[in-house]
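Engineer: Supplied in structure tokens, the structure appears directly below.
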Amino acid sequence: MSQTSCPSPRPRILFACIAMVAAVAAAGSSGVAGRTSAREPQPPASGVPRGEHPRPDFMRADWATLNGRWEFEFDDQDAGMRERWFAGTRAFGKTIVVPYTFQSKLSGIGDTAFHDVVWYRRTFAVPTGWQGRRVLLNFGAIDYESIVWVNGEAAGQHRGGHSSFALDITDRLKAGDNVVVVRVYDPATDMTIPRGKQYWKPKSESIFYTRTTGLWQPVWIEAAGATRIGRLRITPDLDRSQARIEADLVPAVQQTPGTGEAPALRLRVTATLEGAEQAAQEVSIRGTRAAAVLTLNDQRVWRPDRPALYDLTLEIVSGGTVVDRVQSYFGQRKVSLHDGKVYLNNEPFYLRLALDQGYWPESILTPPSDDAIQYDIRMTKAFGLNGVRKHQKAEDPRFLYWADKMGLVVWGEMANAYAYSPEYVSRFSAEWEELMARDYNHPSIITWVPINESWGVPQILTDPVQQAHAKAMYQLSKSLDPMRPVVDNDGWEHTDQTDLMTIHDYARTGDELSAKYAHLTTEPARIPRNGREALAYGARYNGAPFVLTEFGGIAYRLGAKVAENEWGYSGVEPTREAFLLRLDGLIKAVRANPAWAGYCYTQLTDVEQEINGLMTYDRKPKADAEVFKKILAQ
């Protein structure tokens, strides 16, 4: 979404939980609105216990959540390292409900002031029966830099606000209670940090929203084999009715010459569909990698209206004994581009997306509950849309799980920085690589977007260095995932290395939009300006399909004024009729132009002061779902 926009002139769970530690204690009211019609479901209440497995796509049977109450402390003087807070002798003065950040109401704190350094601590016991196995401590996401101690010993560190990481803490554990301490550093005003929509000023305004600092996705422990599966990569081959399964292994002991032969290991892979085995293969493990190819008889494909998912079991077998087992799943689907159109499973697929910021009023970037995730997906589909462009946020993996299961296509986008520097490049590329590896197996993701609207590369129009960075991110993405389209710089100032020519244009009316892009089919090299150049200097249009990935942004408030600085891209008379008439005109203008391969309407929900949503911030639809469907699915 453009930073230069003008203000509005007018106003199944897959697996059971083993253990759930601590219930959520929420501050304030739920903020949930009632129905707008009898046909629409009630938005879910916030703050229910988060006991679902955080990674249904990569799950071991023995696990326990560490969500719930943690001790917590601000460290505004940055004294914690010097005073050795990690040793566990200093009392922390606050408590916080994880995985909600201190800025959110559901954390129990709700402080939106700048606190760049924060500390967390809690005790936990390893479940009985895990003896002789490795214990891994998993963090869904910590924003931004973190150091982790277990029982006073350093266990590891991580940098990246959206990516996940796991630490083997086995050798630091003791009998009975154990203590984990986390220090987080998140400099609020550093413009080179990939932060997405988190604002670097004290108060939200325009398109920028409340910051998140610290643990904002689930924390859990799990028991794994001494030799274990570290990374899983599933690549569907729809045309051959096959799926390639690749596993990277973490060995029990690093083998060196002269130490004797390592025990023979094999990887056993089994795919089932609705409980019936569909394919299985067992292969030898050589080194630290293994690959199997499954051939699926009577293949079932994944598509939004019929999202077939195969359950997958991977086992490392040594001498007939299973030493590690991981449960996952996959969908058979193919994304391709032909003659200016997007194809899904070799059939034309017109994109009907909504921009989805993934913010909630009481939990900010953290989904308040599993029900809340499902509600958003259910309403998106009820409105006649077939997907979302997750905007400036790498979404919680449980959102992606439910998109896989319920049938919703997703564009996966990185949270961007705002200033360019060599440090930015290092931070950005490393985190993007981690995120692509984590989310690669989700069939719902059909496109990758590393950069949006030149954020982090503000001089890309004329600067060959910043153009090279965008091209490098495109090439990196394609080298990691050749099966999905990649957009180099969504919205404008594209290089010639992009799979989709995406455009953002907030023309007020359908007539304006129609007139502006009337010749897009016959004169693709002359792409109209939308306030910015469509191509960076020196780039040529490469024939990529056109997608209108931001437009609309109709400012329509439902109910009382939400903020003094509320705004939208274009206002209408404050009536539902005027809002729907404007929306209908814009959608008709896009659908009437055969040059467009699809659209992404701004946006699914209001966010804080921004009132551009099809739903309010607390998820109350601004019109009946059937009315939206008639317009958006035309």
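The values are calculated or read from the model by the stated rules, or taken from the named source; none is laboratory data. Keep in mind that this is a model prediction, so the values were computed, not measured. Quick reminder, even Gly has a Cβ in these numbers, built from the backbone with ideal geometry, and neighbours come from all protein chains shown. With ligands, DNA and RNA removed, areas are computed over all heavy atoms of the protein, side chains included. Shrake-Rupley method; radii C 1.70, N 1.55, O 1.52, S 1.80 Å.
Engineer: Less than 13 Å Cβ to Cβ from Asp488, Lys/Arg counted +1 and Asp/Glu -1: what total charge do the surrounding residues give?
Structural biologist: Values: positive: Lys471, Lys478; negative: Glu413, Glu453, Asp490, Glu493, Asp496, Asp499.
Spelling it out: positives minus negatives among the neighbours equals -4.
Engineer: So, one more: If packing is taken as the mean number of other Cβ atoms within 10 Å per residue, what is the order of 495-507, 439-451, highest first?
Structural biologist: 439-451, 495-507
Engineer: Let me ask another. So what are the ³J(HN,Hα) numbers for the range 212-221, from phi and the Karplus equation (6.51, -1.76, 1.60; θ = phi - 60°), rounded to whole Hz, Gly and Pro as x?
Structural biologist: Taking θ as phi minus 60°, the curve returns 10, 9, x, 6, 10, 10, x, 10, 7, 10 Hz for the range 212-221.
Engineer: Along the range 280-286, what does the Karplus equation 6.51 cos²θ - 1.76 cosθ + 1.60 (θ = phi - 60°) give for ³J(HN,Hα), rounded to whole Hz, x for Gly and Pro?
Structural biologist: 8, 8, 10, 10, 6, 9, 10
Engineer: Using only C-alpha atoms and all pairs of different ones, pull out the Kirkwood radius for the chain in Å with one decimal.
Structural biologist: 25.5
Engineer: For the range 286-401, what is Rg from Cα atoms divided by 2.2 N^0.38 Å, rounded to two decimals?
Structural biologist: So the Cα radius of gyration is 1.38 times the expected 2.2 N^0.38 Å.
Engineer: Per residue, what accessible area does the chain have, given a 1.4 Å probe and all protein chains present, in Å²?
Structural biologist: 37
Engineer: Calculate the translational D of the range 112-212 in whole µm² s⁻¹ from Stokes-Einstein, where the hydrodynamic radius comes from the Kirkwood formula applied to all Cα pairs, the temperature is 37 °C and the viscosity 0.692 mPa s.
Structural biologist: In µm²/s, the coefficient rounds to 215.
Engineer: Oh, and also: Loop-only trypsin sites (Lys or Arg not before Pro) in the range 468-562, please: DSSP not H, G, I, E or B, and at most 14 other Cβ atoms within 10 Å.
Structural biologist: The qualifying sites are Arg526, Arg529, Arg540, Lys561.
Engineer: Stick to Cα atoms and the Kirkwood definition of Rh, then tell me Rg/Rh for the range 220-368.
Structural biologist: 1.08
Engineer: Taking H placed 1.01 Å from N in the peptide plane, check which residues at least 5 places from Leu337 or on another chain put their amide H under 5 Å from its amide H.
Structural biologist: Amide H neighbours of Leu337: Tyr343.
Engineer: What is the Cα coordinate range of the range 405-559 on the first, second and third principal axes, sorted by size from largest, in whole angstrom?
Structural biologist: Answer, in whole Å and largest first: 43, 43, 34 Å.
Engineer: Counting Lys and Arg as +1 and Asp and Glu as -1, what is the net charge of the other residues whose Cβ lies under 9 Å from the Cβ of Arg389?
Structural biologist: On the way: positive: Lys390; negative: Asp356, Glu413, Asp490, Glu550.
With Lys, Arg at +1 and Asp, Glu at -1, the neighbours total -3.
Engineer: Taking amide H positions as placed in the peptide plane 1.01 Å from N, state which residues far from Ile451 in sequence (5 or more) or on other chains have amide H under 5 Å from it.
Structural biologist: Residues meeting the criterion, in which the H sits 1.01 Å from N, are Asp490.
Engineer: What's log10 of I(q)/I(0) for the range 371-443 at q = 0.14, 0.21, 0.27, 0.28 Å⁻¹, Debye sum over Cα points only, no solvent?
Structural biologist: Reported log10 I(q)/I(0), two decimals: -0.50, -0.90, -1.26, -1.32.
Engineer: Grab the DSSP H runs of the chain that are 4 residues or longer, score each as -39,500 (n - 2.57), total them, divide by all residues and round the 222 nm result to the nearest 500 deg cm²/dmol. Working shown, then result.
Structural biologist: Working: 7 runs with 90 residues, N = 634.
So the calculated ellipticity at 222 nm is -4500 deg cm²/dmol.
Engineer: Further question: In whole Hz and in residue order, list the ³J(HN,Hα) couplings for the range 381-397 that follow from phi through the Karplus curve 6.51 cos²θ - 1.76 cosθ + 1.60, θ = phi - 60°; x for Gly and Pro.
Structural biologist: Per-residue couplings from phi come out as 5, 5, 6, x, 8, 10, x, 9, 9, 5, 10, 6, 6, 7, 6, 3, x Hz.
Engineer: Assuming 0.890 mPa s and 25 °C, estimate D for the range 378-418 with Stokes-Einstein, Rh taken as the Kirkwood radius over Cα pairs, in µm²/s.
Structural biologist: Values: Rh = 10.9 Å.
Translational D for this selection: 225 µm²/s.
Engineer: Among Gly176, Pro485, Val269, pick out the residue whose Cα is farthest towards the positive end of the charge dipole of the chain, where Lys and Arg carry +1 and Asp and Glu carry -1 on C-beta, about the Cα centre.
Structural biologist: About the Cα centre, the residue reaching furthest to the positive side is Val269.
Engineer: Sticking with this structure for a sec: Could you look at the chain and say what percent of its accessible area is carbon and sulfur, using a 1.4 Å probe and all protein chains?
Structural biologist: Of the solvent-accessible surface of the chain, carbon and sulfur hold 50 percent.
Engineer: Further question: Can you give the Kirkwood hydrodynamic radius for the range 431-508, in Å, rounded to one decimal and based on Cα pairs?
Structural biologist: 13.0
Engineer: Starting from the range 550-621, pick out the GluC sites (Glu not before Pro) whose DSSP state is loop and whose Cβ has at most 12 other Cβ atoms within 10 Å. Working shown, then result.
Structural biologist: Details: sites: Glu550, Glu564, Glu566, Glu577, Glu608, Glu610; in loops: Glu564, Glu566, Glu608.
Answer in residue order: Glu564.
Engineer: Between Rg and the Kirkwood Rh of the range 564-604, both from Cα atoms, what is the Rg to Rh ratio?
Structural biologist: 1.05
Engineer: How long are the semi-axes of the equivalent ellipsoid of the range 501-634, defined as square roots of 5 times the Cα gyration tensor eigenvalues? Whole Å, largest first.
Structural biologist: Sorted largest first and rounded, they come to 29, 16, 12 Å.
Engineer: Still on this model: For Gly230, enumerate residues with amide H under 5 Å from its amide H, sequence gap 5+ or separate chain, H modeled in the peptide plane.
Structural biologist: Asp248, Leu249, Val250
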